[in-house]
Every structure is written in C-alpha cells, then in structure tokens.
Amino acid sequence: MTGTAASGRRALRVFYIGAGDPVDPRSGMDVVARAHIAELAASPAIDLTGVFTTLPADTPPPAFGGVTGYRADTKTPSKARKLAHLLSGKLLMSIGFASTPARRAIRAGLAAKPDLIVVDHIQTLANVSLWRLLLGRTPFVFIAHNVTPDTLVDGARLRKSRASAAFLRVEAVQAWLIEALLLRRAARTVFISDSDARHYRGLTGAKGVALCPVIERAPISTSPAIAPSNDIDHRRVLFIGSPGFPPNRAAIDWITRSLAPALLALEAPAIVTFIGKGTREHIGTPAANVETLGFVADDEMERLLGACLCMLSPVVHGSGLKIKMLEAFAAGAPVMATPLSLQGFEFMGVPALLDLDQPETAARHIFALAQDPAAVEAARTHVRERWAAHSRQREGALVDTLIGARAGRTG
C-alpha cells in the first residue's frame, strides 16, 4: 500500500527483510513471516516494501504486499565468503539464505531511506550486515521467532556426532551475542510468545512486546476444505512435522515406539496419521494403527485438521512458539500436547495432557475421547472461541507496534 493513512498522515514507510523455507513451507519462520507480511500489507497506515529470501527449491519465492521474493544462491560458498559472512555479524547457519540479488535489493531499499526497517527472524541477517543495522540511523524492529541459543544447545543434545554437537554449541554462543546486540539496539522487539519475551526482558526492558501471530482461516461453516463437526473422524489422531527437524524426530519416535503400542494394547479404535516430508521414510513399515501421508497440500491439511479427533504435539525439545499448534488452533482442532508445546499459548486455556513418561495415560485419554462425540465437539468449540477472542485482541497490534517504534514510544 502507498499513499496516506486514514488519519490523513503519511503512511509509515517500512522496509521488511524476511526469510522462509520452501523445502518445508510450513516451517515456523515461513508461516509466521507470511502472516506478518499480510498483516502489514493490509494496513493503510503502512507503505510496505522489502525482500523475502527462500532456500533454493522448485517452488518460486513469494512476492506480495510490496515484498519481493528471491531465491538463495545455489553455489556452495567459498571459505573466504564464509569468513566475510561471519565478520559482518551473521550466523554461519544463515549462509544458506545468502542471495546476491537479495543483497543488492536490500542495499537499494535501505538507500531509499525508509522510516523503519523490520528484521523478521535472525536468519534474515544472511543478506544485511548486523553492523549496518546497529550503526545506521534508521530505526529497526526485530521480530524474534524463538530463543535461538536455546534451540541450538538443545539441538546439540540430539546430535549423535560429537563434532556436530560441538559446532552447534559454538554457534549458540555466537547466536546469543548477535541476539543480545539486536535486542539492545532495536527500537522495539516483537516476540511471538510471552515466554520468550519474559526470557529476554533483561535485555529489552519496555521495548519488548509479545504478539502471538494470527493466521487466518476461512470460517469453518463455509470452507469446503474443512469438514463440519458432524463429519469428525473419531479415529484419526494427527501429528504434523518433518523428521528432518530433530525435535520433531524425537516426537515421532515417541509416538511410534510408546503411544501407538499403548493404543493397540487398549484396542483403541484410533489411527495415528503422520503428515510431513520424510515421515514415510523415517517410520518405514508402520504398525497397524499408524499411517504415513508424507507431505500433503495445504487444503488437505486443513481438511484433516478440521476432521480429526485431535492433534498430537509430544514435543519436549527446542524453543519458541510451536507453529503446528498455531495452525491447529487456527483450524479449530483440539490438541493433546506437552507443557513445552503449549508455551506461549496460555491464552488458549488448554491443559497439557501429554507426559512422555506416561504413554498409557495418553492412550486412555484418546480412547475415552474417541467414544465421546460430545466431548470432542466441546473441545472444538472451546478452541474456536478462544482463538476468535485472541484474533480480536491481536487485531492491528503489529501495526501499532511499528508506529510506536518509529515515534520512539515505549508504552
């Protein structure tokens, strides 16, 4: 959008820098960043331009709302390029998003002197120097998707290779230093969960704000992709996530090795359905009550979430908001999750029903739920009502935060 805001004042010129992952288009930073772009692009108070980079893939990068998409370079970077990458204040893990055309576009965009820069996820630093942000005169807002050092340290625990684990721990220290500088220098930091905002309160003070994203879904009553409640499949329990991400792999292994056998022992009429790239290969020959669908299109995932008994999130590793939970709540699906999976979703009022040390208890709960259609509908109604309330409360909050950041307000 360009021109003038509804109040008669000139729209805030925002230059957005983001990144996503077409290899897994439901990855956290991709889903959240696209929601942020859509939210800003829809506001007449924001004049949005920017650059969105993706990892190399067959799918084209997005270009909407004034934000232009670029693919990362496909060449393996030289040692000199990696050193230059590190010296400019970037994580080595972010080099996969380095894109020569994106860097040129960002340079030109910043030269146009926007009112405000938005840095959405630490990975976006692949194409803009940290020192350019810290020493520049243009204020910037940092959108932090998780506690990156914690994620890296936890990832090291799941690595079998000692060398790989050591590298992740070194990178965790680097990430902490970079995030600390960003958090201290940013005009405002937007965290996507309350727990992350509390974690970093000492660095951000009043400049840190927690805004759980809103991803819009068509109303359940009118969307052909989402089944009405009387078409609920009281057998199907969903898990969504690729085993390529270590916390997901650990969760998949717990389901197949502990929960699924417990359901079989109860003779529960339940089928655990796995959705995600690589799940078929990772699981191999499934048990009688397990099916693997691999990657599915968005409309099919919507249909499955709208018709399932519940979605599972037995995640006990990683940090930050769990995006699969976000999508389940937006689709009105009941969830069975661990306390870590529900972190940041306290406003949903959903109890943590999964304890990985007690798979039999989880199996009994699923068995009881499958025999009680009224309980399933009550759970769905609760999720829909809480999500609708969150959406109303969240409306316009990101735009207001950016405007406040430009004006220098901290309240």
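The values are calculated or read from the model by the stated rules, or taken from the named source; none is laboratory data. Source: prediction; values computed, not measured. We place every Cβ from the backbone using ideal geometry, glycine too, and count neighbours over all the protein chains shown. Keep in mind that these areas ignore ligands, DNA and RNA; they rest on the heavy atoms of the full protein, side chains included. Shrake-Rupley method; radii C 1.70, N 1.55, O 1.52, S 1.80 Å.
Condition first: open to solvent by 30 Å² or more (accessible area, probe 1.4 Å), assigned to a loop (DSSP other than H, G, I, E, B) and closer than 21 Å to residue 195 by Cβ. Now tell me which residues in the range 137-157 satisfy that.
Answer for the range 137-157, where residues must be open to solvent by 30 Å² or more (accessible area, probe 1.4 Å), assigned to a loop (DSSP other than H, G, I, E, B) and closer than 21 Å to residue 195 by Cβ: just 146.
Do any residues in the range 244-258 that are in contact (Cβ under 8 Å) with a residue 12 or more places away in the chain have Cβ atoms under 8 Å from those of residues that are among the aromatic types (Phe, Trp, Tyr) and in a helix (DSSP H, G or I), where the two are at least six apart or on different chains, and which pairs are they?
Listed by first residue and then by second, the contacts come to nothing, as the list is empty.
Within the range 316-326, track down each residue that is open to solvent by 10 Å² or more (accessible area, probe 1.4 Å) and under 20 Å from residue 121 (Cβ atoms).
317, 318, 319, 321, 322, 323, 324
Within the range 43-62, which residues are open to solvent by 20 Å² or more (accessible area, probe 1.4 Å) and farther than 14 Å from residue 15 by Cα?
Correct list: 44, 55, 56, 57, 58, 59, 60, 61.
Which residues, taken from the range 119-154, are of a type in the set (Val, Ile, Thr) and within 17 Å of the chain's Cα centre (by Cα)?
The answer is 119, 122, 124, 143, 147, 148, 151.
Listed here are the residues, each with its yes/no results for (1) among the aromatic types (Phe, Trp, Tyr); (2) surrounded by 13 or more Cβ atoms within 10 Å (Cβ to Cβ).
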position: 337; (1), (2): no, yes
position: 343; (1), (2): no, yes
position: 353; (1), (2): no, yes
position: 357; (1), (2): no, no
position: 363; (1), (2): no, yes
position: 373; (1), (2): no, yes
position: 377; (1), (2): no, yes
position: 387; (1), (2): yes, yes
position: 395; (1), (2): no, no
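Aliphatic (A, V, I, L, M) and surrounded by 14 or more Cβ atoms within 10 Å (Cβ to Cβ), is that true of residue 368?
no
State whether one or more residues within the range 16-35 are more than 29 Å from residue 295 (Cα to Cα), open to solvent by 20 Å² or more (accessible area, probe 1.4 Å) and modelled with pLDDT under 90.
No: zero hits.
Mind listing whichever residues of the range 315-346 are assigned to a helix (DSSP H, G or I) and within 12 Å of the chain's Cα centre (by Cα)?
323, 324, 325, 326, 327
All but one of (1) touching a residue at least 40 places away in the same chain (Cβ under 8 Å); (2) assigned to a loop (DSSP other than H, G, I, E, B); (3) not β-branched (Val, Ile, Thr) hold for residue 96; state the number of the condition that does not hold.
Unmet for residue 96, out of (1) touching a residue at least 40 places away in the same chain (Cβ under 8 Å); (2) assigned to a loop (DSSP other than H, G, I, E, B); (3) not β-branched (Val, Ile, Thr): (2).
Going residue by residue through the range 199-212, is there one that turns out to be of a type in the set (D, E, K, R) and modelled with pLDDT under 90?
No, that holds for no residue.
Could you grab me the full set of residues in the range 50-106 that are more than 26 Å from residue 168 (Cβ to Cβ) and in contact with a Gly (Cβ under 8 Å, 6 or more places away or on another chain)?
50, 51, 52, 60, 61, 62, 63, 66, 67, 68
For the condition among the hydrophobic types (A, V, I, L, M, F, W, C) and touching a helix residue (DSSP H, G or I) at 6+ places or on another chain (Cβ under 9 Å), what is the one hit in 130, 83?
After applying the criteria, what remains is 130.
Do we find that residue 101 is touching a Phe, Trp or Tyr at 6+ places or on another chain (Cβ under 8 Å) and either open to solvent by 50 Å² or more (accessible area, probe 1.4 Å) or charged (D, E, K, R) (or both) in this structure?
Yes.
Taking residue 93 and the conditions (1) modelled with pLDDT of 90 or more; (2) open to solvent by 60 Å² or more (accessible area, probe 1.4 Å), which numbered condition does it fall short on, given that it satisfies the others?
Single failed check for residue 93: (1).
Residue by residue through the range 157-174, note down the ones that are touching a helix residue (DSSP H, G or I) at 6+ places or on another chain (Cβ under 7 Å) and modelled with pLDDT of 85 or more.
Answer for the range 157-174, where residues must be touching a helix residue (DSSP H, G or I) at 6+ places or on another chain (Cβ under 7 Å) and modelled with pLDDT of 85 or more: 165, 168, 169, 171, 172.
I'm trying to understand the selection: among the residues of the range 155-201, which are under 20 Å from residue 318 (Cβ atoms), over 20 Å from the mean Cα position of the chain (by Cα) and without any contact (Cβ under 8 Å) to a residue 40 or more places away in the chain?
Scanning the range 155-201 gives 156, 160, 161, 164, 165, 166, 167, 168, 169, 170, 173.
Might you check whether a residue that is of a type in the set (A, V, I, L, M, F, W, C) and modelled with pLDDT of 95 or more occurs anywhere in the range 312-327?
yes
For the range 284-312, name all the residues that are under 23 Å from residue 192 (Cβ atoms) and open to solvent by 10 Å² or more (accessible area, probe 1.4 Å).
Residues satisfying the conditions are 298, 302.
Among all residue pairs at least 6 apart or on different chains, which show Cβ distances below 6 Å where the first residue, located in the range 374-392, is at pLDDT below 95 and the second is among the polar types (S, T, N, Q) and part of a helix (DSSP H, G or I)?
Sorted first by the residue in the range 374-392, then by its partner, the pairs are 377/229.
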